[in-house]
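For reference, the structure discussed in these notes is given below.
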Amino acid sequence: MKSIFFKAFIFLFLSISFFSCGLQSPKVLVFTKTAGFRHGSIESGVMALEKMAKEKHFLIDTTANSAMFTEANLKQYKAVVFLNTTGDILNDEEQKAFEKYIKSGGGYVGIHAAADAEYNWPWYNKLVGGYFNGHPKVQKATLQVIDSTHLATKMLKGTWEKVDEWYNYKDLNRDVNVLLNLDEKSYNGGKNGDYHPMAWYHDYDGGRAFYTGLGHTNVTFKNPVFLEHLYGGLKYAMGEE
């Protein structure tokens with residue numbers, strides 16, 4: 001009789017363990033290293049993402065330590081967020097590990113100054129979708145919604161007026177799917193012309209990448225529309241379309 005109860009206990013334990021593993025929450029890495037200008041909004045962004053993780057039931061690690069970029073460590077994450085990263089932030093081995101992560105189906109989210117990083121890494125240029133090319137002062141501008149069916153823009157209709165720091169871009173990857181375009185007639189200092197993408201996504205080299213040019217100001221990370229926009233992009237990067 002004891003043997004039957006013992007076997008039943010083991011079966012129940014294994015069943016619960018298997019079920020729990022199947023329900024394990026997805027995990028995201030938020031990377032904040034800077035080797036140039038450091039945005040004051042990084043801390044606001046981290047707090048917003050930690051709050052989002054709690055509300056949306058995913059796990060989150062935050063780090064400015066590029067040594068986290070190893071093949072073994074990155075395997076645990078559904079997506080990696082580059083939050084206002086600047087400059088040369090990964091060494092050659094870390095770059096190789098991140099490339100392998102994306103090629104294995106990983107997800108990437110770039111926020112604002114993620115486009116102001118790794119200028120000597122052509123693969124990253126294609127991944128992020130474009131490089132920073134200066135900006136005017138912080139001001140209000142109008143964003144044109146190009147695609148309102150995507151998770152990152154389905155809450156938007158037609159246009160979106162917002163105050164932020166509006167990047168100009170160079171070396172734009174024309175193979176991305178543009179979600180938001182910046183109307184240069186609505187503010188001063190634009191240099192890209194009629195084609196001035198400000199948020200986009202694409203499948204890239206085996207993985208998924210989403211970028212939003214918004215995210216300079218602290219208040220942006222308290223804006224519910226922006227946070228919904230960001231969460232939609234993150235869900236896409238994690239493969240939860």
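Any read-out appearing in this document is the output of simple, stated calculations on the displayed coordinates, not a laboratory observation. These numbers come from a predicted model, not from an experiment. Reconstructed Cβ throughout: ideal geometry from the backbone, glycine too, with neighbour counts over all protein chains shown.
For the residue pairs Lys33/Lys78; Lys51/Lys170; Lys100/Lys235; Lys27/Lys157, the C-alpha atoms sit more than 28 angstrom apart in Lys51/Lys170; Lys27/Lys157. Taking every DSSP beta bridge that has both ends in segment 26-237, the antiparallel portion is near 50%. Using the average count of surrounding beta-carbon atoms within 10 Å as a protection proxy, the listed peptides 166-175, 217-226 rank, highest first, as 166-175, 217-226.
Eigenvalues of the Cα gyration tensor times 5, then square-rooted: what semi-axes does that give for segment 26-237, in whole angstrom, largest first?
Ellipsoid half-lengths, sorted descending, are 25, 19, 16 Å.
Within segment 83-156, the trypsin sites (Lys or Arg not before Pro) that combine a DSSP coil assignment with at most 11 other C-beta atoms in a 10 angstrom radius are Lys137. Spin-label model, Asn177 to Asn133: label points 7 Å out along the Cα-to-beta-carbon direction sit 2.5 nm apart.
When each of Arg38, Arg208 is scored by the number of other beta-carbon atoms lying within 10 Å, the sequence from fewest to most is Arg38, Arg208. With contacts taken as Cα pairs under 8 Å and at least 6 residues apart, segment 114-196 reaches a relative contact order of 33 percent.
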